[in-house]
Amino acid sequence: MKKQLIIATAALVMAACQSQQKEAEATLNTELPTETSAELISRGEYLVTIGACHDCHSPKVMTDMGPEPDTSRLLSGHPHDMPVAEVPDNIEWVLFSMDLTTFVGPWGVSFAANLTPDDTGIGNWSFEQFETAIRKGKAKGLETNRDLLPPMPWQMYRTFTDDDLRAIFAYLKSLKPIENLVPQPVRPGK
């Protein structure tokens with residue numbers, strides 16, 4: 001009889017705990033809206049657009065209205081087969097290539113990275129690497145790598161919220177992978 005009373009009491013306590021947990025989960029679900037993958041990707045696309053990522057990371061085609069992103073190579077970075085002009089030493093100004101994916105300045109020559117999910121881009125990156133690249137300005141999102149070079153405004157982008165970064169990463173990972181191995185930066189005087 002005593003054993004049955006203990007079992008019955010334990011069952012009631014467990015049921016009460018489960019009921020409280022379900023109530024708490026229901027409250028959380030109404031207070032914190034969850035985004036579907038499609039909504040997350042859509043938000044990421046919006047943030048990439050207003051963040052002007054296409055300005056540097058998408059090769060351009062020339063139109064009557066000036067350079068426009070090449071929709072067949074969106075966010076694929078500097079084209080690997082595009083020649084780079086010789087750059088004078090001791091440059092004290094900034095120069096952009098015609099397709100706006102190559103940048104020359106006192107730091108040397110930098111090339112816009114491939115942000116598509118190909119292995120030559122961010123295909124094998126984890127979210128943590130993406131976060132390190134944006135928050136700490138590290139190439140390939142690796143703490144031991146070189147700093148990201150101008151004109152990448154990571155100092156401004158590091159203020160994105162965690163949710164913003166997750167949305168941007170989800171969008172970039174949803175893109176068509178484009179194989180495009182971007183050249184390494186060139187130091188001044190090389």
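Quick note: the coordinates plus some simple rules give every number you see, no bench work behind them. It should be emphasised that the depicted structure is a prediction, and the values quoted were computed from it without experimental measurement. So basically every Cβ, Gly included, is an ideal-geometry build from the backbone, and we count neighbours across all protein chains shown.
Expressed in nm to one decimal, what extension gain is obtained for the pair residue 37 and residue 96 from 0.36 nm per residue of sequence separation less their Cα-Cα distance?
Difference between extended and current length: 17.6 nm.
The simple spin-label model puts a point 7 Å past each Cα toward its Cβ; for residue 46 and residue 187 those points are separated by 4.5 nm. For segment 106-190, applying the loop criterion from DSSP together with a ceiling of 14 other beta carbons within 10 Å to the GluC sites (Glu not before Pro) yields 143, 179. Only loop residues by DSSP count here, and only those with at most 14 other Cβ atoms within 10 Å; note down the chymotrypsin sites (Phe, Trp or Tyr not before Pro) in segment 44-102 that meet that. Within segment 44-102, the qualifying chymotrypsin sites (Phe, Trp or Tyr not before Pro) (loop, at most 14 other Cβ atoms within 10 Å) are 93. If R0 is 25 Å, the Cβ-Cβ spacing of residue 154 and residue 65 corresponds to a FRET efficiency of close to 0.30.
Taking the Cα centroid of segment 71-150 and of segment 156-186, what is the distance between the two, rounded to the nearest whole Å? One Cα centre to the other: 11 Å. Annotation for residue 80 and residue 143: the two label points, set 7 Å from Cα along the Cα-Cβ direction, are 3.0 nm apart.
Multiplying the residue separation of residue 87 and residue 72 by 0.36 nm and removing their Cα-Cα distance gives an extension gain of 2.5 nm. Extension gain, residue 136 to residue 176, is 11.7 nm, computed as 0.36 nm per intervening residue step minus the present C-alpha separation. The convex hull defined by the C-alpha atoms of segment 49-190 has an orientation-averaged projected area of 8.8 nm².
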